[in-house]
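The values are calculated or read from the model by the stated rules, or taken from the named source; none is laboratory data. Nothing here was measured: the structure is a model prediction, and the numbers come from that model. Virtual Cβ from ideal backbone geometry, glycine too; neighbours counted across all protein chains shown.
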Amino acid sequence: MPNVSSDITKTLLLRSLQQGRVLSLPHSRPMPSIGPKCHELRVRDESGSWRIVCRVDPDAIVIADVFLKKSRVMPAHVLEACRRRLRCYDDAREVGELHAKRTS
């Protein structure tokens, strides 16, 4: 489990994205292989190097995965899981928007 210091770092990085700041290495790396506006946030603590995969939407920071990095390359199953979760989010959001239009 990450320590308090790394929790604060994660919070500050996510807050920076919410405020529209553009982050770069060493804190953030674009992940176009997952999708547009997707990033890998990097946080280190005594247990290792944590990754937060997220997408910056105009009205939300969508978290696709959080994991402890164990290899040099992001595993294919993590990439696919992130793509799938973001597709599910987009589909659910679209259904919600259609429902909201019908009820208003």
Handout entry: Of the criteria (1) at pLDDT below 90; (2) not in a helix (DSSP H, G or I), which one Val62 fails
Key = (1)
Fill in the blank from the handout: Condition set surrounded by 14 or more Cβ atoms within 10 Å (Cβ to Cβ) and aliphatic (A, V, I, L, M), scope the stretch 1-43, selection farthest from Arg87 (Cα to Cα): answer is Val43
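Within 13 Å of the chain's Cα centre (by Cα) and not in a loop (DSSP other than H, G, I, E, B): does that describe Cys88?
no
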Handout entry: Selected residue (criterion: modelled with the highest pLDDT) from residues of the stretch 14-37 that are basic (Lys, Arg) and farther than 14 Å from Val62 by Cα
Key = Arg29
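Residue-wise test of (1) closer than 15 Å to Cys38 by Cβ; (2) in contact with a Phe, Trp or Tyr (Cβ under 9 Å, 6 or more places away or on another chain).
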site	(1), (2)
Val62	yes, yes
Val66	yes, yes
Val78	yes, yes
Ala81	yes, no
Arg85	yes, no
Asp91	no, no
Val95	no, no
Thr103	no, no
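Within the stretch 65-82, track down each residue that is in contact with a strand residue (DSSP E or B) (Cβ under 8 Å, 6 or more places away or on another chain) and in a helix (DSSP H, G or I).
Residues satisfying the conditions are Val78, Ala81, Cys82.
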Handout entry: Counted residues, the stretch 44-97 - those being loosely packed, with under 13 Cβ neighbours inside 10 Å, touching a residue at least 12 places away in the same chain (Cβ under 8 Å) and either farther than 26 Å from Ser16 by Cβ or of a type in the set (Lys, Arg) (or both)
Key = 1
Practice task
Might you check whether a residue that is closer than 20 Å to Ile8 by Cβ and either among the aromatic types (Phe, Trp, Tyr) or part of a strand (DSSP E or B) (or both) occurs anywhere in the stretch 30-38?
Solution key: no
